[in-house]
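Enquirer: Structure below; questions to follow.
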Amino acid sequence: MTLIDRDRAVLWHPYTQTLTAPAPLPVARGKGVWLYTEDGRSILDGISSWWVNIHGHSHPKLNAALASQAGELEHVVFAGCTHGPAVELAERLIEILPKGLARVFYSDNGSTAVEVALKLALQYWRNLGEPQRTKFITLHNAYHGDTVGAMSASEDSIFTRAFSTMMFPVERVHGLDHMEQRLREAGDSVAAVLIEPMLQGAGGMIVWPAEFVAGVRRLCDEYKTLLIADEVLTGFGRTGKMFACEHSGIMPDIICLSKALTAGYLPLGVTATTSAVYEAFLSDDRSKTFFHGHSYTANPLACAVALASLDLFREEPVLERVSRLQQQLRAGFESLRVRGHVRVIGGVAAVELASDKPGYLDGIGPRLAAAFLERGLLLRPLGNVVYFMPPYCITESETAWALEQIVEVLR
Ligand SMILES: *Cc1c(COP(=O)(O)O)cnc(C)c1O
């Protein structure tokens, strides 16, 4: 039996309709931007393995950090215990995060980082004696994850519809004027505004101007509510700055990080916040405690790899690579303007193809994915939105090759 046969007998893959999906790629090894399959194919990872990988697969320095940490301490309960990697990573993150973010809460992935942010915001207001602040304002086309709170905050879509009975209502807005109108109407009932700064990912690779993010900050100040920035995708250089909030020079009250945090090695989530939010939880009254935690909170292996990834940002011109990649993507996607709306930011390029049935279910997505794969390029179009988001370590000639495949297939 092949690996695929055995997989088909026992496994269930994410976001996959097994009845119609092509067989999964049997990946044996990875190196740099390349995946090597069991049956001898080389495939360029054009989606950074679901947007997590930034320095390439099986990186020697990250491997060494992981092995070394495994020899010291693989894991320990994080309630009542602490360890070097967790402390050092928090210190290093606070150094590089927008100024004012001063406390790090760990969890396991992007969805949990968002759940923690939502729960922190609600309890923050309750602890301050404003329990009526329970509403969340989010954006249309948002995607914040697949757990219930993160789903509730995401756009109402085919991803979430079957679960509508378990979700809580949120206010979804379009643009600053609409947001201001809702904030005004809602009075003092808003707990937080939640956005993906600069780039909405799963909602269709939608790029926002820096002025929009600055405007959201201004509105949150004016209406005295919290701003949560979901940088699960955008954090660690993806949009060309270390964090997308830097494009507009703002500080959110809460930031969510995951994905590239461990350079694509291990699941880890961070929810970082200000001293003001943190201090609202300090009390003799134990009911003001933040009662949230996961078995693998602050996993030392994940923290150690995250630290090694931050070292690579210091030792190598990582952000310069993203900036060069952005230039090459801009030039390469130029010719695709005749096919649809082109958007490029940092290490992400997308073209939204004209379609009779736009959206995730547009049948063109799977057909294009198959054609790219045939040529050795792994892409997963979001319906009629074709995007390319490789690890930053991709070379100029590898990028040129991938762009050529994209242009030819779309032609
Ligand atoms: C991927 C993503 C999440 C969810 O992260 P998971 O690790 O997949 O749970 C949340 N927010 C944004 C913006 C994302 O892109």
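The values are calculated or read from the model by the stated rules, or taken from the named source; none is laboratory data. Keep in mind that what you see is a predicted model, and the values were worked out from it rather than measured. Here the Cβ is made from the backbone with ideal geometry for all residues, glycine too, and neighbour counts use every protein chain on show. Please note that ligands, DNA and RNA were not included when accessible areas were found on the heavy atoms of the full protein model with its side chains. Shrake-Rupley method; radii C 1.70, N 1.55, O 1.52, S 1.80 Å.
Enquirer: Could you check, for the range 40-48, whether at least one of its residues is open to solvent by less than 20 Å² (accessible area, probe 1.4 Å), within 16 Å of the ligand (Cβ to nearest atom), assigned by TED's automatic domain parsing to the domain that holds residue 234 and in contact (Cβ under 8 Å) with a residue 12 or more places away in the chain?
Expert: The answer is no, given that none of the residues of the range 40-48 is open to solvent by less than 20 Å² (accessible area, probe 1.4 Å), within 16 Å of the ligand (Cβ to nearest atom), assigned by TED's automatic domain parsing to the domain that holds residue 234 and in contact (Cβ under 8 Å) with a residue 12 or more places away in the chain.
Enquirer: If I filter the range 94-143 down to residues being open to solvent by 30 Å² or more (accessible area, probe 1.4 Å) and among the hydrophobic types (A, V, I, L, M, F, W, C), which single residue comes out as farthest from residue 188 (Cα to Cα)?
Expert: 96
Enquirer: Same structure, new question: Report the residue count in the range 95-119 for those that are in a helix (DSSP H, G or I) and away from the ligand (no atom under 16 Å from the Cβ).
Expert: The qualifying residues number 2.
Enquirer: Let me ask you something else. Name the residues in the range 1-20 that are free of Cβ contacts under 8 Å to residues at least 12 places away in the same chain and outside any loop (DSSP other than H, G, I, E, B), would you?
Expert: Once the filter is applied, which keeps residues that are free of Cβ contacts under 8 Å to residues at least 12 places away in the same chain and outside any loop (DSSP other than H, G, I, E, B), the range 1-20 yields 5, 6, 9, 10.
Enquirer: Right, next: Suppose we filter 189, 157 for residues that are farther than 18 Å from residue 297 by Cα, surrounded by fewer than 21 Cβ atoms within 10 Å (Cβ to Cβ), at pLDDT below 95 and of a type in the set (S, T, N, Q); which single one remains?
Expert: 157
Enquirer: Assess whether residue 165 counts as being under 26 Å from residue 292 (Cβ atoms), loosely packed, with under 14 Cβ neighbours inside 10 Å and of a type in the set (Ser, Thr, Tyr).
Expert: yes
Enquirer: Here's a check for you: in the range 254-270, which residue that is out of contact with any Cys (no Cβ under 8 Å at 6 or more places or on another chain) and under 16 Å from residue 121 (Cβ atoms) is farthest from the ligand (Cβ to nearest atom)?
Expert: 254
Enquirer: Exactly one of (1) assigned by TED's automatic domain parsing to the domain that holds residue 395; (2) open to solvent by 30 Å² or more (accessible area, probe 1.4 Å) is unmet by residue 329. Its number?
Expert: Failed condition: (2).
Enquirer: For the range 74-83, what are the residues that are under 11 Å from residue 299 (Cα atoms) and open to solvent by 50 Å² or more (accessible area, probe 1.4 Å)?
Expert: Residues satisfying the conditions are 74, 77, 78, 82.
Enquirer: Let me ask another. Suppose we keep only residues that are open to solvent by 50 Å² or more (accessible area, probe 1.4 Å) and basic (Lys, Arg) within the range 192-225. Which one would you say is nearest to residue 51 (Cα to Cα)?
Expert: Here the answer is 218.
Enquirer: Which of the residues belonging to the range 280-297 are in a helix (DSSP H, G or I) and surrounded by 10 or more Cβ atoms within 10 Å (Cβ to Cβ)? Can you show your working first?
Expert: In the first step, residues of the range 280-297 are kept if they are in a helix (DSSP H, G or I); the result is 286-288.
If the condition is that a residue be in a helix (DSSP H, G or I) and surrounded by 10 or more Cβ atoms within 10 Å (Cβ to Cβ), then 288 is the only one that fits.
Enquirer: Separate question: Does residue 359 fit the bill of being under 23 Å from the mean Cα position of the chain (by Cα), surrounded by fewer than 16 Cβ atoms within 10 Å (Cβ to Cβ) and more than 24 Å from residue 57 (Cβ to Cβ)? It would help to see each step written out before you state the result.
Expert: On the way: under 23 Å from the mean Cα position of the chain (by Cα): yes; surrounded by fewer than 16 Cβ atoms within 10 Å (Cβ to Cβ): yes; more than 24 Å from residue 57 (Cβ to Cβ): yes.
Yes.
Enquirer: Can you find even one residue in the range 352-364 that is of a type outside the set (D, E, K, R), outside any loop (DSSP other than H, G, I, E, B), farther than 30 Å from residue 81 by Cα and modelled with pLDDT under 95?
Expert: We begin by selecting, within the range 352-364, every residue of a type outside the set (D, E, K, R); these are 353-355, 358-361, 363-364.
Next, from what is left, pick out any that are outside any loop (DSSP other than H, G, I, E, B): 353, 364.
When the remaining residues are screened for being farther than 30 Å from residue 81 by Cα, the result is 353, 364.
Going one step further and asking which of them are modelled with pLDDT under 95, we end up with 364.
For the range 352-364, residues of a type outside the set (D, E, K, R), outside any loop (DSSP other than H, G, I, E, B), farther than 30 Å from residue 81 by Cα and modelled with pLDDT under 95: present.
Enquirer: Any residue in the range 332-343 that is outside the structural domain of residue 204 (by TED's automatic domain parsing) sitting within a Cβ distance under 7 Å of a residue that is part of a helix (DSSP H, G or I) and open to solvent by less than 70 Å² (accessible area, probe 1.4 Å)? List the pairs, counting only those 6 or more apart or interchain.
Expert: Close Cβ pairs satisfying both conditions: 332/403; 335/407; 336/407; 336/410; 339/410; 342/333; 342/336.
Enquirer: Being β-branched (Val, Ile, Thr), part of a strand (DSSP E or B) and in contact with a Pro (Cβ under 7 Å, 6 or more places away or on another chain) is the filter here, so list the residues in the range 21-69 that pass it.
Expert: 37 - this is the single residue of the range 21-69 that is β-branched (Val, Ile, Thr), part of a strand (DSSP E or B) and in contact with a Pro (Cβ under 7 Å, 6 or more places away or on another chain).
Enquirer: Exactly one condition in (1) in contact (Cβ under 8 Å) with a residue 40 or more places away in the chain; (2) more than 16 Å from the ligand (Cβ to nearest atom); (3) open to solvent by 60 Å² or more (accessible area, probe 1.4 Å) is false for residue 91; which is it?
Expert: (1)
Enquirer: How many residues are under 25 Å from residue 343 (Cα atoms) and within 15 Å of the ligand (Cβ to nearest atom) if we restrict to the range 147-192?
Expert: Within the range 147-192, residues that are under 25 Å from residue 343 (Cα atoms) and within 15 Å of the ligand (Cβ to nearest atom) number 5.
Enquirer: Here is a list of conditions, (1) among the acidic types (Asp, Glu); (2) within 16 Å of the ligand (Cβ to nearest atom); (3) within 26 Å of residue 280 (Cβ to Cβ), and residue 130 meets all of them except one; can you say which number that is?
Expert: That leaves (2) as the condition not met.
Enquirer: Does residue 229 satisfy the condition of being more than 19 Å from residue 272 (Cβ to Cβ), touching a residue at least 24 places away in the same chain (Cβ under 8 Å) and either surrounded by fewer than 24 Cβ atoms within 10 Å (Cβ to Cβ) or of a type outside the set (D, E, K, R) (or both)?
Expert: No: the conditions fail for residue 229.
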